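The values are calculated or read from the model by the stated rules, or taken from the named source; none is laboratory data. Everything numeric in this text was worked out from a predicted model, so none of it was measured. Quick reminder, even Gly has a Cβ in these numbers, built from the backbone with ideal geometry, and neighbours come from all protein chains shown.
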Amino acid sequence: MTVGAIELKLDLHTLPASLRPWLDALPAAAETPASGFVLRFLEDRLRLQSPEPGLGELEIDLGRGQAGYRGARARNERLVRACGVRAGSLIVDATGGLGTDAWLLASAGARVTVCEQHPVVAALLADGLRRAGVAHPEIAGRIELLGVDSRLALSRWDQPLTAIYMDPMYPPRRKRALGDRRLRLLSALFAQGGMEGRGDDVAGLLAAARAAPAARAVLKRPQRQPLPAGTPDPDYSLEGRSTRFDVWRRADIGV
Ligand SMILES: C[S@@+](CC[C@H](N)C(=O)[O-])C[C@H]1O[C@@H](n2cnc3c(N)ncnc32)[C@H](O)[C@@H]1O
């Protein structure tokens, strides 16, 4: 993946040590073209500022809205039911993004390994988990973040999993369909790497998830979005107004 250089405005004296490795993973300005994005650490939080007017800043705050649900309320969420979460379930979230879904799964009692391939998003997510972990150490303690391509991680996975969850970015079909400002900001960031208009590799993610030792592969997608050509039908779907969770089961993995 090509990632344009991000301008860093960081006071190394105030930067938490746990964030240093994530920032060290960012491409050096001398090696890649400038992206126009600025990453700042201000008032105890990492913020990504977009060069596009109207998109503003992105910071990750976990534990609000649906992601703030706990216990029985969290377990009743469609995402949690689609993944078959019980206390102690093991989940790989193969498309970490803003971490909302991973946090909800962990709030319902699952141990979640989150993969995020984009180094800037991974750094923001590491910061979101660090801050949310102060108020909810038991939930944050169930989440492990890996800055990796999940397709590769899953090809090497040998531990039985309850579910692998995927929520890929889809190519925008209409401006209106872009929705959430924060996801539009992510799209603008990914456009720096030449990914604009292509979306994530849904077919590749699904193939990796279905080949890995997981009792379920779960794909979230917009209600009317077709599956990639050649994809077998899911075993079942949990439908909502605008999104659906498609579930493929593997009977040979008894988790
Ligand atoms: C729509 S966002 C996911 C949103 C997330 N479910 C949430 O609750 O915030 C998709 C994210 O998946 C990441 N992604 C896509 N393909 C990936 C892969 N193969 N490995 C790791 N991360 C991936 C993208 O970089 C992007 O940040």
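If the requirement is being exposed (fewer than 13 other Cβ atoms within 10 Å of the Cβ), more than 11 Å from the ligand (Cβ to nearest atom) and either of a type outside the set (D, E, K, R) or at pLDDT below 95 (or both), which of these qualifies: 217, 177?
Details: 217 fails: exposed (fewer than 13 other Cβ atoms within 10 Å of the Cβ).
From the options 217, 177, the qualifying one is 177.
Within segment 52-152, considering only strands (runs of 3 or more DSSP E) that don't extend past its boundaries, which have at least 2 residues that are within 22 Å of residue 187 (Cβ to Cβ) and touching a helix residue (DSSP H, G or I) at 6+ places or on another chain (Cβ under 6 Å)?
Details: elements: 90-93, 111-115, 143-146.
Passing ranges, in order: 111-115.
Between a residue in segment 132-152 that is under 20 Å from residue 213 (Cα atoms) and at pLDDT below 95 and any residue that is crowded, with 20+ Cβ neighbours inside 10 Å and of a type in the set (Phe, Trp, Tyr), which pairs come within a Cβ distance under 9 Å, given they are 6 or more apart or on different chains?
Filtered contacts from segment 132-152: no entries.
Restricting attention to segment 106-131, which residues are in contact (Cβ under 8 Å) with a residue 60 or more places away in the chain and under 14 Å from residue 149 (Cβ atoms)?
Looking only at segment 106-131, we keep the residues that are in contact (Cβ under 8 Å) with a residue 60 or more places away in the chain, and these are 117-131.
Of everything in segment 106-131, those that are in contact (Cβ under 8 Å) with a residue 60 or more places away in the chain and under 14 Å from residue 149 (Cβ atoms) turn out to be 117, 118, 119, 121, 122.
Quickly run through segment 55-82 and pick out the residues that are at pLDDT below 75 and over 26 Å from residue 120 (Cα atoms). Write out each step before concluding.
Here is the first cut: in segment 55-82, the residues at pLDDT below 75 are 63-72.
69, 70, 71, 72 - these are the residues of segment 55-82 that are at pLDDT below 75 and over 26 Å from residue 120 (Cα atoms).
Scan segment 105-118 residue by residue and report those that are more than 10 Å from the ligand (Cβ to nearest atom) and within 12 Å of the chain's Cα centre (by Cα). Lay out the reasoning, then the answer.
First, the residues of segment 105-118 that are more than 10 Å from the ligand (Cβ to nearest atom): 106-113.
If the condition is that a residue be more than 10 Å from the ligand (Cβ to nearest atom) and within 12 Å of the chain's Cα centre (by Cα), then 112, 113 are the ones that fit.
Taking only pairs six or more apart or across chains, which ones have beta-carbon atoms under 7 Å, a first residue in segment 222-244 that is outside any loop (DSSP other than H, G, I, E, B), and a second residue that is among the aliphatic types (A, V, I, L, M) and modelled with pLDDT of 95 or more?
236/247; 237/247; 238/82; 244/238
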